[in-house]
1. Would you say GLY259 is surrounded by 23 or more Cβ atoms within 10 Å (Cβ to Cβ), under 22 Å from GLY135 (Cα atoms) and away from the ligand (no atom under 16 Å from the Cβ)?
2. Every residue in the stretch 10-29 that is in contact (Cβ under 8 Å) with a residue 60 or more places away in the chain, under 19 Å from the mean Cα position of the chain (by Cα) and under 22 Å from ALA59 (Cα atoms), please.
3. Consider the stretch 75-110. How many of its residues are of a type in the set (S, T, N, Q), in contact with a helix residue (DSSP H, G or I) (Cβ under 7 Å, 6 or more places away or on another chain) and either away from the ligand (no atom under 16 Å from the Cβ) or closer than 11 Å to ASN323 by Cα (or both)?
4. Applying the selection to the stretch 229-251, what residues are more than 23 Å from SER108 (Cβ to Cβ) and either modelled with pLDDT under 95 or in contact with a Gly (Cβ under 9 Å, 6 or more places away or on another chain) (or both)?
5. Residues in the stretch 82-103: is at least one among the acidic types (Asp, Glu), in a helix (DSSP H, G or I) and surrounded by fewer than 21 Cβ atoms within 10 Å (Cβ to Cβ)?
6. Considering only residues of the stretch 136-149 that are touching a Phe, Trp or Tyr at 6+ places or on another chain (Cβ under 9 Å) and of a type in the set (A, V, I, L, M, F, W, C), which is farthest from PRO187 (Cα to Cα)?
7. Could we say that ARG322 is assigned by TED's automatic domain parsing to the domain that holds LEU62, among the charged types (D, E, K, R) and either within 12 Å of the ligand (Cβ to nearest atom) or in contact (Cβ under 8 Å) with a residue 60 or more places away in the chain (or both) here?
8. Among the residues of the stretch 164-214, count how many are part of a strand (DSSP E or B), in contact with a helix residue (DSSP H, G or I) (Cβ under 7 Å, 6 or more places away or on another chain) and not hydrophobic (A, V, I, L, M, F, W, C).
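The values are calculated or read from the model by the stated rules, or taken from the named source; none is laboratory data. What you are looking at is a predicted structure, and each value in this text was computed from that prediction instead of being measured. Glycine also receives a Cβ, built like all others from the backbone with ideal geometry; neighbour counts cover every protein chain displayed.
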Amino acid sequence: MGERRVRVHLATDPGVPWYYRMDREKLEAAGRDFPDTLRQIEASWSDEDEGFRRGVRDAEILIGWKFPKERLAERAPALRWIQLNGAGVDHLYPLDWLPPGVALANASGVHTGKSFEYVLMALVALNNSLPRLIGYQQAREWRKIQSGTLPGRTALVIGLGAVGSGAARAAKTLGMRVLGVRRSGRPHEHVDELFRPADLRRALPRADYVVLATPLTGETTGILGADELALLPDGAGVVNLGRGRLIHQPALEDALRRGKLGGAFLDVATPEPLPPESRLWDAPDLILTPHVGADDIERYIPHCLRIALENIRRDLAGEPLRNLVDPALGY
Ligand code: GLV
């Protein structure tokens, strides 16, 4: 009997920059660690809708991120699972388009390294009042705000998946005490004290800095609202590299304008792109980055493809897939 072959379609989102593109060279480079699996793959590629429709006609596995979802069951009758080039799956909900029996796996793990650096930057910047000092510079004002150092201060990391792990490691590296919130309650190597989501309100009054790193689900939408912000110590800082809607944005803006918060460092906003007329742009003591904080441009797609190849290897060997998304939990 010949070796089992598997049809895989790799769908790049239309118009994305080179670092989000999948091509033969990147697949072959990632495949150096998976030579047998690579040999078994019959790959097709697309970067626009027509090519996508052609490519999924007989594909068993789809690798992609924001592909056309309409009538997928009909268009891709052989499809068995989808490997996503990213972590958060909220953009795919509701899942009514997902053909019955087709599994979803994500690329959890791909953001850890860059999240570590982003959170390191954000914590150091906030602790040095950088957002306020940038305002003074723009106003040509030589005004001092002096600050202490981070060891001994407390960071609260909400969500301890791959992004939150990077965040917790950053806080630990800076000598901080690290509190973490995790649904599973499983201990984490960089977390000193763990809380369940139901106990978030007990953790907030102790947090000099809160880092949001959780997926956006029904349970986490607005997890940081007016009541939660009020529980933070005066002068606390907020970092968000999850999704904009984890925060009640008007409440955050209000807390910044009132000087309740020392500052915020946001990589995500509601909506994205944030429209020019949004009031958030002008909130004081805020640094806003346009969803660039967690993706390492040189390593992103190569890492996603290694995650995909490991899952294809498992699939061909009859082993369970990694990083399966639980449709009910939303991650
Ligand atoms: C990016 O935001 C992702 O979820 O991968």
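1. Considered against the rule, which asks whether it is surrounded by 23 or more Cβ atoms within 10 Å (Cβ to Cβ), under 22 Å from GLY135 (Cα atoms) and away from the ligand (no atom under 16 Å from the Cβ), GLY259 comes out as no.
2. Of everything in the stretch 10-29, those that are in contact (Cβ under 8 Å) with a residue 60 or more places away in the chain, under 19 Å from the mean Cα position of the chain (by Cα) and under 22 Å from ALA59 (Cα atoms) turn out to be TYR20, ARG21.
3. Of the residues in the stretch 75-110, 2 are of a type in the set (S, T, N, Q), in contact with a helix residue (DSSP H, G or I) (Cβ under 7 Å, 6 or more places away or on another chain) and either away from the ligand (no atom under 16 Å from the Cβ) or closer than 11 Å to ASN323 by Cα (or both).
4. Passing the criteria: ASP234, GLY235, ALA236, GLY237, VAL238, HIS248, ALA251.
5. yes
6. Residue satisfying both the conditions and the ranking: TRP142.
7. Against the criterion (assigned by TED's automatic domain parsing to the domain that holds LEU62, among the charged types (D, E, K, R) and either within 12 Å of the ligand (Cβ to nearest atom) or in contact (Cβ under 8 Å) with a residue 60 or more places away in the chain (or both)), ARG322 does not qualify.
8. Number satisfying all stated conditions: 2.
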